[in-house]
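J.: The structure follows.
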Amino acid sequence: MTGQIPVVDEPDSSAHILRLVSSGAAASRSDLARILGVARSTVSLRVQELIDAGLLSETGEGPSRGGRRPRLLRPSSDGGFVLAADLGVCHVRLGAVDLGRTLVRAEDFELDVTAGPEAVLDELLALSLKFIRQDALLDRRLLGLGVGLPGPVNFTDGTVVGASRMPGWHGFGVRDRLADRLEVPVLVDNDANLVALGEYHTRGRTGENLMVVKAGNGIGCGMISAGRVHRGASGVAGDVTHVRVPAAGDLPCSCGNTGCLETIASGGAVLSTVAGKGIEISTTAELAGLAANFDPVVTSVVRFAGRQLGEVLSTMVNFFDPHALLLAGRMATIEPYVAAVRGALYERCLPVATQNLEIGLAGAGADAGVLGAGILVLDNALTG
């Protein structure tokens, strides 16, 4: 079941070549020699190693450019897969991403992160084995695991840092724990970063500066700068959920402070507010339904929440100047919330920052996180 992604040690390594073919940047040995600036004989040697390892295959001939028609290359359909796990507070979405960066399969399972790291990771491993055994994946090589967590992550060592909604996780070595058990490369990141990475891949706009805001129980923002995830020095770049806002007053937050954006603009906060006004609902799906039917109380509350988020994001847009700002997560399904965010951005941002800014919904949907987690592992393992 397990296999090994080639180790990257030089620009013309087998791993770099596999990445170029997997990403679509190169389709033949000639393309690879041109991109890498090395002799075709060197490329041919590396390509043959990958074919012999079952990671690349030849799929016919391409158009001639004055000589022999080139043999086309593609990732082998049975060359293995990366397992991806996108954890929320109460669930996990598991996915399998192949070497062609295609999400082969995805499935949701219940999983409570408040149970603590050891219990949760043991359950995650059990669910992963169940997920693999339910399909033909069992006969394919597991090349690595990518994990997204609903809290700040030190990407360098794969540990959780100060996650307010994940009691007992602070300082826990998630990457090492999972790598020891699975014996494959493991990478761990914040869930919003992976959603942004998955959305960036789906959009296919090379070098784009992108902000993807995941609004659910908390509010996170993944940022792609010139095609690369921007994590900051401590791994908390984009974690807007604990920005203090005047409208929140002294409301206590899960982080221990008061007046954070999360207390008035997150899904949990909105549900709590409407409950205080006599509307007993427990899910954002119910919230969205009432908003779609123009319930005056719900509409007023979600518009207020969306405006508060939009005002915070306007500062980030002015500073970061992205090509696009996209909303994801459960709250992004509520139209008045999204409209209020958009209105605040146009009102508060510099005109030059919004003149060509795309403001909308993330297109990758629920699969963005698992797709991003899979690509994260492939990019880091196969980059030369």
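J.: Report P(r) for the range 130-209: all Cα-Cα distances, bin width 5 Å, range 0 to the bin holding the largest distance, values in whole percent.
T.: 3, 14, 19, 18, 18, 16, 10, 3
J.: Find me the longest stretch of the chain that has none of the exposed GluC sites (Glu not before Pro), where exposed means in a DSSP loop (not H, G, I, E or B) with at most 12 other Cβ atoms within 10 Å. Display every interim value, and only then the final one.
T.: On the way: sites that count: E183, E280.
Result, exposed sites excluded: 1-182.
J.: Also: Can you work out ³J(HN,Hα) from phi for every residue in the range 92-109, in order, using Karplus 6.51 cos²θ - 1.76 cosθ + 1.60 and θ = phi - 60°, giving whole Hz and x for Gly and Pro?
T.: 9, 10, 9, x, 10, 10, 8, 5, x, 6, 9, 6, 6, 6, 8, 7, 9, 9
J.: Share of the chain's accessible area from carbon and sulfur, percent, 1.4 Å? Can you show the working numbers first?
T.: Values: 8300 of 16550 Å².
C and S fraction of accessible area: 50 percent.
J.: Something else about it: With every protein chain present, what is the per residue accessible area of the chain (1.4 Å probe, Å²)? Please list the in-between numbers first.
T.: Values: 16550 Å² over 384 residues.
For the chain, the per-residue accessible area is 43 Å².
J.: Tell me the accessible surface of H16 in square angstrom (1.4 angstrom probe, heavy atoms of protein chains only), to the nearest ten.
T.: 30
J.: Sticking with this structure for a sec: Taking H placed 1.01 Å from N in the peptide plane, check which residues at least 5 places from S57 or on another chain put their amide H under 5 Å from its amide H.
T.: Here the answer is R74, S76, since their amide H atoms fall under 5 Å of that of S57.
J.: Could you work out the helix-only [θ] at 222 nm for the chain, with each DSSP H run of four or more residues adding -39,500 (n - 2.57) and the total divided by the number of residues, to the nearest 500 deg cm²/dmol? Numbers along the way, then the final one.
T.: Details: 13 runs with 151 residues, N = 384.
Calculated at 222 nm, the ellipticity per residue is -12000 deg cm²/dmol.
J.: Taking θ as phi - 60°, what are the ³J(HN,Hα) couplings along the range 122-132 by the Karplus curve (6.51, -1.76, 1.60), each to the nearest whole Hz, with x for Gly and Pro?
T.: Calculated HN-Hα couplings, in order: 5, 5, 4, 5, 5, 5, 5, 5, 4, 4, 5 Hz.
J.: Additional query: How large are Rg and Dmax for the chain when calculated on the C-alpha trace, in angstrom?
T.: 22.4, 76
J.: Starting from the range 45-152, pick out the trypsin sites (Lys or Arg not before Pro) whose DSSP state is loop and whose Cβ has at most 16 other Cβ atoms within 10 Å. Could the numbers behind the result be given before it?
T.: Values: sites: R46, R65, R68, R71, R93, R101, R105, K130, R133, R140, R141; in loops: R65, R68, R101, R140, R141.
Those that pass, being in a loop and sparsely packed, are R65, R68.
J.: Continuing with this model, one more query. Rounded to the nearest 20 Debye, what is the dipole magnitude of the range 13-132 about its Cα centre when Lys and Arg each give +1 and Asp and Glu each give -1 at the C-beta?
T.: Around 1260 debye, computed over the range 13-132.
J.: Moving on to the next point. Ignoring everything but the protein chains, give the 1.4 Å probe accessible area of I35 in square angstrom, nearest 10.
T.: 70
J.: For the range 308-340 and the range 352-375, write down the distance between their C-alpha centroids in whole Å.
T.: 11
J.: Right, something else. Using a 1.4 Å probe and ignoring any ligands, DNA or RNA, find the accessible area of T283 and quote it in Å² to the nearest 10.
T.: About 60 Å², rounded to the nearest 10.
J.: Under the rule of at least 5 residues apart or a separate chain, name every residue whose amide H is placed under 5 Å from the amide H of I219.
T.: T241
J.: Which cross-chain or sequence-distant (5 or more) residues have an amide H under 5 Å from the amide H of G144, H modelled 1.01 Å from N in plane?
T.: Counting only residues 5 or more places away or on other chains, the set is L83.
J.: Report ³J(HN,Hα) in whole Hz for each residue of the range 21-33, in order, from the Karplus equation J = 6.51 cos²θ - 1.76 cosθ + 1.60 where θ = phi - 60°; Gly and Pro get x.
T.: 6, 4, 7, x, 6, 9, 10, 8, 4, 4, 4, 5, 4
The values are calculated or read from the model by the stated rules, or taken from the named source; none is laboratory data. Note that this is a predicted model, so its numbers are computed, not measured. We place every Cβ from the backbone using ideal geometry, glycine too, and count neighbours over all the protein chains shown. Accessible surface areas use protein heavy atoms only, side chains included; no ligands, DNA or RNA. Shrake-Rupley method; radii C 1.70, N 1.55, O 1.52, S 1.80 Å.
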